[in-house]
Amino acid sequence: MAGTPDLLIPEEVLPDLGASWIGSQYHYFRRIGSTNDEALLLARRGAPHGCVVIAEEQTAGRGRMGRSWLSPSGLGLTLSIVLTTALPVRDASQCVMVLALALVKVLASRYGLPAAIKWPNDILIRGKKVAGILSEMQSDQEMVRFIVIGAGINVNQRGEDLEGPFRYPATSVSQALGERVSRKELLIALLREFEREYDRFVRTGLAGFLPELEAASCILGRDIKVLRGREEISGRATGFTPEGGLEIVLENGKKEVLWVGDITTVSEIGALPEQ
Ligand code: BTN
């Protein structure tokens, strides 16, 4: 309702969550450095599977590749989830795609928004970034001890909040929709959807997700440029592997699978401005 504070305090969120393991602990902060840092700390101290850390504002939010994530107070969603499934280390990064798909599904089904995944961790609406995901983990030899998966979602940011030295042109859910959005409703919908999708992932692996991931991707069939370290790779994105790699056909016709990288250009979306 207009004018009512849309706080994500546990008393507001937990009674309506109705989930099985997600939110097993719920740590709420008005302001924090980074929810991922806090979740990593809690996980090292034995936090349970599904522990959620959420903040109204982050002062040192982190993105991939050492970038920062801006989180002005009360406008977006900044949350981290602790996962303790004993996955092989090589499968840990697949959780990012599971969360990305859960968010795309919620944005499409609840808000009718044409959200899409820019592999591996960005969510775009009409070519502009609405959310980013950062996963970090600790392992014992070949098995995951815990994963912390963090999402930053632009929800009620307006035009002026989205201007700045961003790497990608940015948008928010409310800007794409043309109206203010309840962060609480979006949070609950996302947590529930992620719980469902994550349980399916543990049962079937990522292989069962490929058709949906391919349908939700905004890069497949397009010419892309990917930065892998200092190397720039150009080619056409053709699909995903059951392990979460990106298959591309290079300009010389050779096929390659990428496991990490930062897509800087997608044909039709165009070049994404540098930070
Ligand atoms: C990216 O686009 O590079 C990933 C951004 C991830 C930002 C989220 S906000 C919640 C969590 N805490 C952090 O410090 N980072 C992630």
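No value in this document is a laboratory result; all are computed from the given coordinates. Just so we're clear, the structure is a prediction, and the values are computed from it rather than from any experiment. FYI the Cβ positions are ideal-geometry reconstructions off the backbone, even for glycines, and counts take in every protein chain you see.
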(message) If the elastic network links every pair of Cα atoms under 10 Å, which of Leu220, Leu70, Leu258 fluctuates the most in the Gaussian network model of the chain?
(response) Leu258
(request) Could you tell me what % of all Cα pairs in the stretch 133-201 have separations over 16 Å? (result) 64
(request) Quick one: order Leu210, Leu191 by neighbouring beta-carbon count within 10 Å, fewest to most. (result) Leu210, Leu191
(request) Quickly work out the Glu243-to-Glu57 label distance, labels modelled 7 Å from Cα along the C-beta direction, and quote it in nm with one decimal. (result) 4.4
(message) Under 8 Å for C-alpha pairs, at least 6 residues apart: give me the relative contact order for the chain, rounded to a whole percent.
(response) 16
(message) Relative contact order of the stretch 128-269, please, whole-number percent, based on alpha carbon pairs below 8 angstrom and at least 6 residues apart.
(response) 14
(message) I'd like the distance between the alpha-carbon centres of the stretch 241-258 and the stretch 61-88, rounded to an integer number of Å.
(response) 28
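How large is the Rg to Rh ratio of the stretch 1-112 when both quantities use alpha carbon positions and Rh follows Kirkwood?
Values: Rg = 14.8 Å, Rh = 15.4 Å.
Rg divided by Rh gives 0.96.
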(message) Based only on Cα atoms, what mean projected area does the convex hull of the stretch 60-155 have, in nm²?
(response) 6.6
(request) With label points built 7 Å along Cα→Cβ from the Cα atoms of Val202 and Asp91, find their separation and express it in nm. (result) 1.1
(message) How would Ser109, Ser174, Ser182, Ser135 line up from fewest to most surrounding beta-carbon atoms within 10 angstrom?
(response) Ser109, Ser182, Ser174, Ser135
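Once you sort the root eigenvalues of the Cα gyration tensor of the stretch 195-274 as a ≥ b ≥ c, which label holds: rounded (a/c under 1.5), prolate (a/b larger than b/c) or oblate (the other case)?
On the way: a/c = 2.08, a/b = 1.84, b/c = 1.13.
Prolate shape, in that a/c is at least 1.5 and a/b is the bigger ratio.
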(request) Please identify the helices of the chain, taking whole runs of DSSP H, that span at least 18 Å along their own axis as judged from the Cα atoms and have a mean Kyte-Doolittle score of 0.0 or higher. (result) 94-111
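Can you sort Met143, Met97 by how many other beta carbons sit within 10 Å, fewest first? Provide the component values of the computation, followed by the final result.
Values: Met143 12, Met97 26.
So the residues, fewest neighbours to most, are Met143, Met97.
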(request) State whether the stretch 1-57 is rounded, prolate or oblate according to the following rule on the C-alpha gyration tensor (a ≥ b ≥ c being the square roots of its eigenvalues): a/c under 1.5 gives rounded; otherwise a/b larger than b/c gives prolate, and the remaining case gives oblate. (result) oblate
(message) Step by step: find N for the stretch 105-171, compute 2.2 N^0.38 Å, then divide the Cα radius of gyration by it. What's the final number?
(response) 1.37
(message) Charges on Cβ only, +1 for Lys and Arg, -1 for Asp and Glu, centred on the Cα centroid of the chain; of Ser109, Ala19, Leu162, which one is farthest towards the dipole's positive end?
(response) Leu162
(request) Once you have a ≥ b ≥ c as the square roots of the Cα gyration tensor eigenvalues for the stretch 120-275, tell me rounded if a/c is under 1.5, and otherwise prolate or oblate according to whether a/b is larger than b/c. (result) oblate
(message) What percentages make up the Cα-Cα pair-distance distribution of the chain when the bins are 10 Å wide from 0?
(response) 7, 30, 38, 21, 4, 0
(request) State the Cα centre-to-centre distance between the stretch 159-213 and the stretch 11-56 in whole Å. (result) 18
